[in-house]
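Working notes, structure below.
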Amino acid sequence: MQITDSGILSHGQPATSRAVLTFPTVTALADGSLLATCRTGSSKDSDDETIEFSRSVDGGRAWSQPWKPFENPILDGARGSLRVCYLTELSPGHLLAAAMWIDRATYPGKALFNEETEGCLPMSILLADSHDSGASWSPWRVIAMPADIGPPSLTNPILKLGDGSLAMSIETNKQYYDTSPWMQKVVFFHSNDQGQTWGEPVVAGEDPSGRLFNWDLRCDVAPDGRVATFAWTYDSLAARYLNIHRRLSLDHGHTWRDAENLDIADQAARPAMLADGRVLLAFVDRFGSRAIRARLAARIDAPFDPASEVILYRHDDMHDDAAGLTKRTVEAGLEPARWGVASSHEDDSTGELLGEMSLWTFGLPYAETLPAGEVLVVYYAGTEEVMDIHWARIVP
């Protein structure tokens, strides 16, 4: 593979409500344009966060000025913030936006994650439709969730499946002050009416013992209809991030094969599926090479070839010093391990590790296949005070 071009999609503005740009996505539309989304805020976890869009009409080389298509909605009288927004083009010009909304009123001033209980703020999943390629949008509709889901996390766009249905991937969380053990899992909901109604949840990733967590599940559909998920796998007992694990479904996400260790650390991007069946997977290796890298597999169930690897971003000591991470990681004794990477002291809780995510100043790559067969990857990078959205074009 080869990186042929790169640049910055959007610059953060220091000391403003859009200083920190994260959660980038990019979607190739039928009209030939690219529509990108990202989360803006004064910090990585702030109640002034919202969603911005940018558009490119030249394949991602130049981008429009960002605009905010949505006001942060008030749900059941509660003020909240939009954390992330994923787009799926259901048919030419018809886009489905899936967003995660965070309730900022029930526990005012509290961080997203409760380090003591491992719970999180109340959240909701919202959907909206556009029939003009994202120029205008319908009102948000709230997707009802079963009680045992808890506050739902959204980490992937709605999937268009080979049988014509849609799938929505949702991760479970605990309520903010819930002190019971966190039995984390990921479920798929299916829709047969273009996202208007959704069926019962189907488990797509779970450790019945509660020890292993499947975080930030990234998913996509191969040209032959098989579905793949890539999990940021975490061992809650050992307090270690494990290698990325892949699961495959041959029946549109209704049943799943056993998880496969890919021997790649540690957090996967949303993959790019190429027309010939190859798969490009970008991933974040925070504790080893401290870089964002990408590899290619010959098909959805094949190994990712180390010889194909390219490096999209490398985090240097200067960035660490700016973010205050170098001294911290050295003192914490972070070192590589075969199945993952120690993320903190052995006695650190999962909640403390979740709280420390606000310190990371690069990550969350997202890949999209372009019409000519190239792949565009977007990600965030910067310092604790200012983070930008970057892009890189790859020829597989």
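Computed from the coordinates by the stated procedures, all read-outs in this text should not be read as laboratory data. What you see is a predicted model; the values in this text were computed from it and never measured. Cβ atoms come from the backbone with ideal geometry, glycine included; neighbour counts cover every protein chain shown.
Values computed for the structure shown
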| quantity | calculated |
| --- | --- |
| The stretch 2-395: relative contact order as a whole-number percent, Cα under 8 Å and 6+ apart | 16 percent |
| Tensor-based shape of the stretch 212-306 (alpha-carbon gyration tensor, a/c under 1.5 rounded, otherwise prolate or oblate) | oblate |
| Sum of side-chain charges, L242 neighbourhood, beta-carbon under 9 Å (Lys, Arg +1; Asp, Glu -1) | -1 |
| Cross-link reach list, lysines versus K68, counting only Cα pairs under 30 Å and skipping chain neighbours closer than eight places | K44, K110, K160 |
| Neighbour-count order for T27, T229, T106, fewest beta carbons within 10 angstrom listed first | T106, T27, T229 |
| S6, S33 arranged by Cβ crowding within 10 Å, fewest neighbours leading | S6, S33 |
| Label-point separation in nm, D276 to S91, each point 7 Å along Cα→Cβ | 3.3 nm |
| Loop sites in the stretch 29-71: trypsin sites (Lys or Arg not before Pro), DSSP, at most 13 other Cβ within 10 Å | R61 |
| Stretch in the chain that is longest and holds no chymotrypsin sites (Phe, Trp or Tyr not before Pro) that DSSP places in a loop and that have at most 16 other beta carbons within 10 Å | 178-338 |
| Solution diffusion estimate, µm²/s, Stokes-Einstein, the stretch 2-395, Kirkwood Rh from C-alpha pairs, 37 °C, viscosity 0.692 mPa s | 156 µm²/s |
| The chain - charge dipole about Cα centre, Lys and Arg +1 at Cβ, Asp and Glu -1, debye rounded to 20 | 600 debye |
| Label-to-label distance, nm, for residues given as D258 and S180 (7 Å Cα→Cβ offset) | 3.0 nm |
| Hits among lysines - C-alpha to C-alpha of K185 under 18 Å, sequence gap 8 or more where chains match | K174 |
| Ratio Rg/Rh, restricted to the stretch 180-256 and using Cα atoms, in which Rh is the Kirkwood radius | 1.02 |
| Distance (nanometres) between label positions extended 7 Å along Cα→Cβ at S17 and E116 | 3.1 nm |
| Range in the chain, longest, excluding exposed GluC sites (Glu not before Pro) [loop by DSSP; at most 15 other beta-carbon atoms within 10 Å] | 117-345 |
| Loop trypsin sites (Lys or Arg not before Pro), the stretch 150-207 (other Cβ atoms within 10 Å of the site Cβ: 14 or fewer; DSSP) | none |
